[in-house]
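Asks: First, the structure itself, so that you have it in front of you.
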Amino acid sequence: MEQSSEVQDNNNPLSSFLQSLKKSSKHLQNKSTFITHNPQPAIEALFELHREHETIFSSNPKLSKLSELLFTLRTLLQKHKGSPGNSLKSLIHRQIINYRIYQVAFAIEAEVQACIDQENVQNLVKISQDQETVSEEERLRVLKEFENRLLLGFDSNFQELVLRAKGFTILESLLCDSTCSKRIREQAALCIVGLVEFNRDVFVGLVLMGPIVQSLISMASGCSIQVLCSLIRLIKTPLIDEIELDGEIPRIISLLRSQDLSIQVAAMDCICEIAYSGRKEVIEAMIEEGLIEKLMEFQRSKFGDNLVKKATDQCTEKRNGEMCEEDIEEEEEEEIVRNRPFASCVKRFAVQVEVGDGLNYQERKALKMEILRRVKEASVSEAEEASIVAEVLWGSSS
């Protein structure tokens with residue numbers, strides 16, 4: 001998170017300067033806490049930064065409070081220099097000055113963050129109003145900076161700025177605008193998740209009332225479905241109920257048939273989140289859409305449990321001094337072994353149903369029996385049936 005907060009943009013001198021000033025003020029706080037630390041070099045470095053960007057201060061009225069704090073800091077520096085010696089009185093006096101320096105440095109950091117927050121929100125409004133004149137890269141930069149700010153955690157003043165600027169509505173409009181590029185829409189979706197994590201009490205209701213879920217599913221990208229998965233994880237049953245009420249369950253299941261592996265994996269994650277917090281009617285709706293049968297197909301695939309073992313076995317021997325043809329794809333097979341997103345996926349779904357918080361005991365038991373019935377019907381061999389049934393039966397206790 002600290003790294004995210006220090007993102008700088010060379011094309012935006014004010015933003016770059018504010019980030020540097022914030023970093024310097026944090027450094028000064030560390031150097032002025034104890035009497036054994038000498039804060040003078042850190043203060044001089046901060047003043048040097050001020051001198052290098054004096055034109056920014058003189059041309060920007062909103063930095064007036066920062067100027068006042070820097071003037072106070074200069075006064076404290078003179079007092080610190082004026083109390084030399086190692087007498088008890090001098091040591092106590094310097095410690096008091098050090099503490100006041102720490103307080104001013106803390107106030108500088110807070111004021112810098114307030115300026116950054118204000119600029120972030122103003123930029124967000126700007127890219128929504130001037131879509132034709134602002135480049136896509138600039139819009140992406142603004143959205144990423146906004147997301148990075150949300151990752152720093154809750155702040156009531158920043159929330160007030162966002163609410164006054166109708167920031168959520170701006171992000172929702174970008175996400176739902178099919179004329180925007182995929183990158184813009186996905187980044188707007190990530191910002192919406194950031195807002196929900198920032199303060200669920202305020203922003204969950206806005207998600208439930210708007211067309212965000214429908215837009216995420218319609219986009220049908222790996223990122224958009226992972227965003228949907230994150231929203232389900234954060235909001236749980238209320239959002240799942242809305243998804244079921246809007247008839248979106250079949251569309252989510254249909255994403256498993258995508259040709260894009262990232263979309264399939266995201267859809268699987270989303271389904272498991274629904275299984276954990278969904279009510280009985282929702283789980284039944286997913287099963288009726290052929291979910292169990294599709295998951296069993298995935299387990300038979302190279303991304304499930306049945307990897308291409310013949311190639312691995314045959315390649316243990318050399319033929320005429322050379323490795324067999326299957327060994328050509330060795331690196332690819334090793335990658336599959338390391339990343340099997342659909343291994344034991346029937347068990348994974350069943351466990352989510354059994355340990356989740358959306359069902360009572362009787363409902364869990366009935367749904368588990370239905371899952372087992374469908375596994376038996378869809379199995380292509382007795383061995384497959386026995387293996388998957390055993391996983392489902394004992395999965396939650398393993």
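What follows is calculated from the coordinates using simple rules that are stated; it is not laboratory data. Quick caveat, the model's predicted, so the values are computed rather than measured. Neighbour counts are summed over all protein chains in view; Cβ atoms, including those assigned to glycine, are modelled from backbone coordinates with ideal geometry.
Asks: Positive end of the charge dipole of the chain (Lys, Arg +1 and Asp, Glu -1 on Cβ, about the Cα centre): tell me which of L295, S59, F168 has its Cα farthest that way.
Replies: S59
Asks: Something else about it: Among (i) 136; (ii) 146; (iii) 238, which is the computed volume of the Cα convex hull per residue in Å³?
Replies: The value computed from this structure is option (iii).
Asks: Here is a follow-up. Which of the peptides 168-177, 139-148 is most tightly packed, and how do the rest follow, judged by the mean count of other Cβ atoms within 10 Å per residue?
Replies: Values: 168-177: 19.6, 139-148: 21.1.
Ranking the peptides 168-177, 139-148 by packing returns 139-148, 168-177.
Asks: Additional query: Which of E242, E288, E132 moves the most in a Gaussian network model of the chain with Cα springs under 10 Å?
Replies: Taking springs between Cα atoms under 10 Å, the residue moving most is E132.
Asks: Net charge around S215, counting only other residues with Cβ within less than 10 Å of its Cβ (Lys, Arg = +1; Asp, Glu = -1)? Mind showing how you got there, number by number?
Replies: Working: positive: R185; negative: E172, D177.
Once all neighbours under 10 Å are counted, the net charge is -1.
Asks: In the stretch 264-289, which residues have a backbone nitrogen under 17 Å from the label point lying 7 Å from R200's Cα in the Cα-to-Cβ direction?
Replies: Zone members listed by number: 273-279.
Asks: Let me ask you something else. Using the Karplus curve 6.51 cos²θ - 1.76 cosθ + 1.60 with θ = phi - 60°, work out ³J(HN,Hα) for each residue of the stretch 59-67 in order, rounded to whole Hz, and write x for Gly and Pro.
Replies: After applying 6.51 cos²θ - 1.76 cosθ + 1.60, I find 9, 10, x, 6, 9, 4, 5, 5, 4 Hz.
Asks: Please state the charge dipole magnitude for the stretch 129-195, taken about the Cα centre, from unit charges on C-beta atoms (+1 on K and R, -1 on D and E), reported in debye and rounded to the nearest 20. Before the final figure, lay out each step's value.
Replies: On the way: 9 positive and 12 negative charges, 29 e Å.
Using only the charged Cβ atoms, the result is roughly 140 debye.
Asks: So what are the ³J(HN,Hα) numbers for the stretch 103-116, from phi and the Karplus equation (6.51, -1.76, 1.60; θ = phi - 60°), rounded to whole Hz, Gly and Pro as x?
Replies: 4, 5, 4, 5, 5, 5, 4, 5, 5, 4, 4, 5, 5, 4
Asks: Residue separation times 0.36 nm, minus the C-alpha to C-alpha distance between I56 and Q259: what's the value? Could the numbers behind the result be given before it?
Replies: Details: separation 203, 0.36 × 203 = 73.08 nm, distance 5.20 nm.
So the chain would gain 67.9 nm between I56 and Q259.
Asks: With θ set to phi - 60°, apply the Karplus curve 6.51 cos²θ - 1.76 cosθ + 1.60 along the stretch 44-52 and write out the HN-Hα couplings as whole Hz, x wherever there is a Gly or Pro.
Replies: Computed from phi, the couplings for the stretch 44-52 are 4, 5, 5, 5, 4, 4, 5, 5, 5 Hz.
Asks: How much mean residue ellipticity at 222 nm does the chain get from its helices, if each DSSP H run of length 4 or more adds -39500 (n - 2.57) and you divide by all residues, to the nearest 500 deg cm²/dmol? Walk me through the numbers on the way to the answer.
Replies: Numbers: 23 runs with 294 residues, N = 398.
About -23500 deg cm²/dmol.
Asks: On a full-extension model of 0.36 nm per residue, what is the gain between E370 and S135, subtracting their alpha-carbon distance, rounded to one decimal in nm? Intermediate values should be presented prior to the final figure.
Replies: Numbers: separation 235, 0.36 × 235 = 84.60 nm, distance 5.30 nm.
Contour length minus the Cα-Cα distance gives 79.3 nm.
Asks: Less than 15 Å Cβ to Cβ from N157, Lys/Arg counted +1 and Asp/Glu -1: what total charge do the surrounding residues give? Kindly include the intermediate steps, with their values, before the conclusion.
Replies: Numbers: positive: K62, K65, R149, R164; negative: E109, E111, D117, E119, D155, E160.
Local charge sum for N157: -2.
Asks: Separation between the E44 and D357 pseudo-spin-labels, each 7 Å from Cα along Cα→Cβ, expressed in nm?
Replies: 5.7
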